[in-house]
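Remarks on the structure that follows.
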Amino acid sequence: MTTAAAPPVVRALPARVIASIAGVDVRTVERWRARVQPRPRSQRRLDELGAVLRILGPGMTDRARQQWLEAPNVALDWQRPADVLASGGFREVVGAAQAYMAGDST
């Protein structure tokens, strides 16, 4: 593995949350934080997570974003957005995030 700057999303949330979404061990997230470059599949999940966090906006704290990701969501049939992202449901989570920001759902 090569070293590079850690993706910003790696520092935005607790390692356990990122690990769950990316499908890796918490120690792997810690290595990313220490500048080890994620593998392509993991990088794709980090990019998806970053896109969702951008939709949720800069006015939302990292703690509030974490809570949104970990709470059951009506727009996702009461699944947690983090779990849906982890299973490859990026588009569904984007829709839920957009609805949340528009005030259409929780």
For ASN73, net neighbour charge (Lys/Arg +1, Asp/Glu -1) across residues whose Cβ lies under 12 Å away:
-4
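Under the 0.36 nm per residue contour assumption, what length would be gained going from the current alpha-carbon distance of ARG44 and ASP62 to full extension?
Numbers: separation 18, 0.36 × 18 = 6.48 nm, distance 2.04 nm.
Here the answer is 4.4 nm.
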Answer with a single label: of [x] 1.64; [y] 0.97; [z] 1.13, which was calculated as Rg/Rh (Cα atoms, Kirkwood Rh) from the structure in view?
[y]
In nm, spacing of pseudo-spin labels at ALA71 and ARG16 (7 Å Cα→C-beta vector)
1.9 nm
Please give, to one decimal in nm, the separation of the simple spin-label points placed at ILE55 and ARG27, each 7 Å out from Cα toward the Cβ.
3.4 nm
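From Cα pairs below 8 angstrom and at least 6 apart in sequence, can you work out the relative contact order of segment 9-102, rounded to a whole percent? Working shown, then result.
Numbers: 88 pairs, mean separation 27.2, N = 94.
That works out to 29 percent.
Values in this text are rule-based calculations from the coordinates and carry no lab data. Just so it is clear, the structure is predicted and the values come from calculations on it, not from any experiment. Glycine gets a Cβ as well: all are built from the backbone with ideal geometry, and neighbour counts include every protein chain shown.
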